[in-house]
Amino acid sequence: MDLSIFALLVQDGITNGAVYALLALALVLVFAVTRVIWVPSGEFVSYGTLTLAALQRVDGAPPATPPGTIWLVVGMAVVAGLMELIECVQRGEMARSVRQLLLWTGIPLAIGAAAWGLARLELPFWAQIVVTLALVTTLGPLLYRIAYQPLAEASVLVLLIVSVAVHFALTGLGLLFFGAEGSRTPAFSSESVQLGDITISVQSLLVVMTSIAMIAVLALFFGRTLIGKALRATALNRVGARLVGVSPNLAGTATFTLAALLCAFSGVLIGPITTVYYDSGFLVSLKGFVAAIIGGLVSYPMAALGALLVGLLEAFASFWASAFKEVIVFTLIIPVLLWRSLTAHHHDEEDE
Amino acid sequence: MHVRKWLPALAGGIALALSLSATADINIGVTVSATGPAASLGIPEKNTIELLPTTIGGQKVNWIVLDDGSDTTKAVTNTRKLISEDKVDVVVGSTITPNSLAMVDVVADAETPMISMAASARIVDPGNPKTKWVFKTPQSDALMADAIAVNMKANGVKTMGYIGFADGYGDGWLAEMRNSAKTTGIRIVAEEKYNRNDASVTGQVLKLVAANPDAILIAAAGTPGATPQKELAARNYKGKIYQTHGVANPDFLRVVGKDGNGTILPIGPMLVFEQLPDSNPLKKSGAEYIVKYEAKYGKDSRSTFGGHAWDAYLLLARAIPEALKKAKPGTKEFRAALRDALESTKELVASHGVYTMTPQDHNGLDNRARTMIRIENGKWVLAK
């Protein structure tokens, strides 16, 4: 192995690590606030890439069918609206129902309609990215409202089972919407920078920089804004946060919106680097999960570092022993779990 | 009380079941991998089944299609269900090798013929007595690996690198390629594996390029085959790139884009039937299928996988009238007669090749079932 191969592997590892870091952050965020182990995070990544790919022009003509994600948003908006309506009627709060309907059905429908209209136009690439992010991010809160909010008080195990079910449902819908074959999106840039002997592609540089920027924005959000602080309070102590007036539903919705945005963003970032399939997300989210476990599902900086470690390990493992790459990456979780279970004191969730 | 309430319904159900079996339609059970990792192969097969006629030899045919989700357990469950509940006369499927291998035991026990649409030669291994009931339509890996080795030799290739799926498909190809390379005197200097969902194959490709072989074979199915190829292009690899017939679908061309130019692969002649000489009998039989398929599913929607399902139908269309002369559908005798008729198929010109079955060879394809093609500007071009 010479220096140039080493440099390329490190670059590859850091690029992938940056994507895993975004996922790990989303997983930690969701788990900390809602106790949901968010298995379907990967589907948001693949939906991100595939929606963007579906918006691309084919032979200079706009796509024949707008991305299926729009129909999912519409369908989920209707279901969420109905659920809100039923809840309001049961409580006899008719006045509130109009507001809730507008919020849960009106806004997603407006986003869906806008995306449907925009998909037919000749959009610049950045606008396509905005449409994609808007669509996929909308799925986050809707998913929380439909699948998780009715069970918000259930045990971690029940929430995990729901997550697995949601994962399978979204994978199946992905196959229906995007087909069995994969897609790539155009590169942001095909340039590369020469640093001595080492060539760094601008694409990888962009991925890493955007990841760092996202992490910085998150840090600001949690440190400076009221809603960010409310989320942190909920993460620390749900009952306490509720007593001081933080609505757990609002916290859950905000968390899922943010997490969906993070995952959709990872999807947009990896689209030009690799081919993404309707079922690609699971493996990506598993690696994000390994990174999140390294952070103990609570620590953001540790999770980001873990993601970097996973990315680098993966790159070097694929060079030295490609047949055992996944084995090596996932075996990493065993010593980490061992170390964590020895150092951390036992924490029983039912005690809260 | 409860029993009395249900009794009429039960009696009705039995009567219905009896009347159904009395009509003696031919029931053909199909299990394909229309979802899961092999969905890109299973979907064109399923689409092809939808094109098939509902009468063969003047007898009504019921196609009962189930999805096994590329899952071996599900494929076995489907097969059992088709045999015990639907009383099928023949099973077609599955799409992939592991599923088909697992189904062999089930159909052999039930003495029901089966036509697999998966590639591995092990499915019809004559050494296994149970494969008496099993046939398969796709070309075996050995036939295709040999075609690649011969082409490499002709192009002056002395050393080759290999990168393929870390699963049964890749392992099967690697084993066959080692054999073929040995017989043609080509040295394999690097062997790498990857997974179809891998986000990056940089590590493997760097190692391949460092070994500097004259040619590289990528053993993958569908669009995942583009991942190493694009990486090789990014690393400025100048040698020849070979793919397997697993990538021959329009999506691969779309994803690989201009990086696919010059790639060579072996293929069933049907894919490029327009370019075949008129003297080739496969030109007409390939056209018959592809024109019908593209009329329903759109221009350039052809893939070789659907052809395997079509060929299974052609085998049955020849064998069923023979079997009908000997026994009534739905009986054990009919299934045995159907098996015998399939085994005695001679010179059947189908979409992928010409089938001549023998007790030793339940695949029945020869060199006419392969041709080398090249990718040029997003099109398949017959290699001269």
Exercise for the section: Please give the net charge around A:Arg96, taking every other residue with its beta carbon less than 10 angstrom from that of A:Arg96, where Lys and Arg add +1 and Asp and Glu add -1. Expected result: -1
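Viscosity 1.002 mPa s, temperature 20 °C: give me the Stokes-Einstein translational D for chain A in µm²/s, with Rh taken as the Kirkwood radius over C-alpha pairs.
Numbers: Rh = 21.2 Å.
The estimated diffusion coefficient comes to 101 µm²/s.
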Practice task
Give the Cα extents of the range A:74-203 along the principal axes, in whole Å, largest first.
Solution key: 70, 40, 30
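Around A:Gly223, what is the net charge, scoring Lys/Arg as +1 and Asp/Glu as -1 over all other residues with Cβ under 13 Å from its Cβ? Could the numbers behind the result be given before it?
Values: positive: A:Arg224, A:Lys229, A:Arg232; negative: none.
Summing Lys and Arg as +1 and Asp and Glu as -1 gives +3.
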Problem - Highest-fluctuation residue, A:Leu151, A:Leu72, A:Leu297 considered, GNM on chain A with Cα pairs under 10 Å - result: A:Leu151
Exercise for the section: Rounded to whole Å and ordered largest first, report the semi-axes of the equivalent ellipsoid of the range B:188-319 derived from its Cα gyration tensor (root of 5λ). Expected result: 33, 15, 14
Practice task
Using only C-alpha atoms and all pairs of different ones, pull out the Kirkwood radius for the protein assembly as shown in Å with one decimal.
Solution key: 28.0 Å
Problem - Loop-exposed GluC sites (Glu not before Pro) per DSSP, neighbour cap 12 Cβ within 10 angstrom, longest uninterrupted part of chain B - result: B:86-346
Handout entry: Förster radius 56 Å - calculated FRET efficiency between B:Thr331 and A:Thr65, Cβ distance, rounded to 0.05
Key = 0.70
Completion exercise
Two pseudo-spin positions, 7 Å from Cα along C-beta at B:Thr55 and at A:Leu236, lie apart in nanometres by 8.0 nm
Handout entry: Part-to-part distance (alpha-carbon centres) for the range A:75-111 and the range B:256-300, which is given in Å
Key = 53 Å
Exercise for the section: Run the quick spin-label model on A:Arg340 and B:Ala175: label points 7 Å from Cα toward the beta carbon, then report their separation in nm to one decimal. Expected result: 4.0 nm
Handout entry: Beta bridges by DSSP in the protein assembly as shown, antiparallel share as percent, to the nearest 5
Key = 35 percent
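So which trypsin sites (Lys or Arg not before Pro) in the range A:22-110 are both in a DSSP loop and have at most 15 other Cβ atoms within 10 Å of their Cβ?
A:Arg57
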Problem - Where labels lie 7 Å past Cα in the beta-carbon direction, separation of B:Thr183 and A:Phe125 in nm - result: 4.8 nm
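Quick check on my link table: of B:Lys81/B:Lys283; B:Lys182/B:Lys240; B:Lys130/B:Lys346, which ones sit more than 30 Å apart, alpha carbon to alpha carbon? Can you show the working numbers first?
Working: B:Lys81/B:Lys283 38 Å; B:Lys182/B:Lys240 19 Å; B:Lys130/B:Lys346 22 Å.
Check vs 30 Å cut-off fails for B:Lys81/B:Lys283.
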Problem - Cut-off 15 Å between beta-carbons: net charge of the residues surrounding A:Val246, Lys and Arg +1, Asp and Glu -1 - result: +4
Fill in the blank from the handout: At 37 °C in a medium of viscosity 0.692 mPa s, the range A:280-325 has a Stokes-Einstein diffusion coefficient, with Rh taken as the Kirkwood radius over alpha carbon pairs, in µm² per second, of 303 µm²/s
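Give me the dipole magnitude in Debye, nearest 20, for the protein assembly as shown about the Cα centre, with unit charges on the beta carbon: positive for Lys and Arg, negative for Asp and Glu.
Numbers: 61 positive and 59 negative charges, 138 e Å.
Result for the protein assembly as shown is approximately 660 debye, rounded to the nearest 20.
Please compute the average number of Cβ atoms from other chains found within 10 Å of each residue's Cβ in peptide A:174-185. Don't jump to the answer; show the numbers that get you there.
On the way: counts 0, 5, 1, 0, 0, 4, 16, 14, 12, 4, 8, 0.
Counting Cβ atoms of other protein chains within 10 Å of each residue's Cβ and averaging gives 5.
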Completion exercise
Set B:Lys60/B:Lys332; B:Lys230/B:Lys258; B:Lys136/B:Lys299; B:Lys46/B:Lys299; B:Lys60/B:Lys325; B:Lys258/B:Lys379, cut-off 20 Å on Cα-Cα distance; pairs above it are B:Lys136/B:Lys299
Exercise for the section: Compute the distribution of all C-alpha to C-alpha distances in the range B:297-355, in bins of 10 Å from 0, and list the percent of pairs in each, rounded to whole numbers. Expected result: 23, 41, 25, 11, 1
Exercise for the section: Obtain the radius of gyration and the Kirkwood radius of the range A:212-352 from its C-alpha atoms and give Rg over Rh. Expected result: 1.01
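What FRET efficiency, computed as 1/(1 + (r/R0)^6) with R0 = 60 Å and r the Cβ-Cβ distance, is obtained for A:Val89 and A:Val298, rounded to the nearest 0.05? It would help to have the intermediate numbers written out before the result.
On the way: r = 39 Å, r/R0 = 0.65.
After rounding, the FRET efficiency stands at 0.95.
With all pairs of different alpha carbon atoms counted, what Kirkwood hydrodynamic radius in Å does chain B show? Display every interim value, and only then the final one.
Working: mean 1/r = 0.0461 Å⁻¹.
It is 21.7 Å.
Could you estimate the translational diffusion coefficient of the range B:41-154 from the Stokes-Einstein equation, with Rh from the Kirkwood formula over C-alpha pairs, at 37 °C and 0.692 mPa s, in whole µm²/s? It would help to have the intermediate numbers written out before the result.
On the way: Rh = 15.2 Å.
Using the Kirkwood radius from Cα pairs, D works out to 217 µm²/s.
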Problem - Rounded to 5, percent antiparallel among DSSP beta bridges of chain B - result: 30 percent
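So what is the relative contact order of chain A, in percent, for Cα pairs below 8 Å that sit 6 or more residues apart?
37 percent
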Exercise for the section: Find the centroid of the Cα atoms in the range B:347-384 and in the range B:173-236, then give the distance between the two in whole Å. Expected result: 24 Å
Exercise for the section: First measure r as the distance between the Cβ atoms of A:Ile5 and B:Glu111, then evaluate 1/(1 + (r/R0)^6) with R0 = 45 Å and state the FRET efficiency to the nearest 0.05. Expected result: 0.20
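Inside 10 Å of the C-beta atoms of A:316-329, what's the mean count of C-beta atoms belonging to other chains?
Taking the mean over all residues of the peptide, I get 5.
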Problem - Spatially proximal lysines relative to A:Lys287 (Cα-Cα < 23 Å; intrachain offsets below 8 disregarded) - result: A:Lys325, B:Lys193
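Write out the trypsin sites (Lys or Arg not before Pro) in the range B:239-313 meeting two conditions: DSSP loop, and at most 12 other Cβ atoms within 10 Å of their Cβ. Each step should come with its number before you reach the end.
Working: sites: B:Lys240, B:Arg254, B:Lys258, B:Lys283, B:Lys284, B:Lys292, B:Lys296, B:Lys299, B:Arg302; in loops: B:Lys299, B:Arg302.
Qualifying residues, ordered by number: B:Lys299.
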Exercise for the section: Give the residues of the range A:249-283 whose amide nitrogen is closer than 19 Å to a point set 7 Å from the Cα of A:Lys229 in the direction of its Cβ. Expected result: A:250-252, A:254-255
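Let me know the mean shielding of B:241-253 by other chains, meaning the per-residue number of their Cβ atoms within 10 Å of its Cβ.
On the way: counts 0, 0, 0, 0, 0, 0, 0, 0, 2, 1, 6, 2, 0.
Whole-number average of other-chain Cβ neighbours for B:241-253 is 1.
Only loop residues by DSSP count here, and only those with at most 13 other Cβ atoms within 10 Å; note down the GluC sites (Glu not before Pro) in the range A:134-197 that meet that.
Hits after loop and neighbour filter: A:Glu153, A:Glu191.
Coordinate-derived values only; no laboratory data. All of these numbers come straight from a predicted model, not from anything done at the bench. For neighbour counting, all protein chains shown are included, and Cβ atoms are generated from backbone atoms with ideal geometry for every residue, glycine included.
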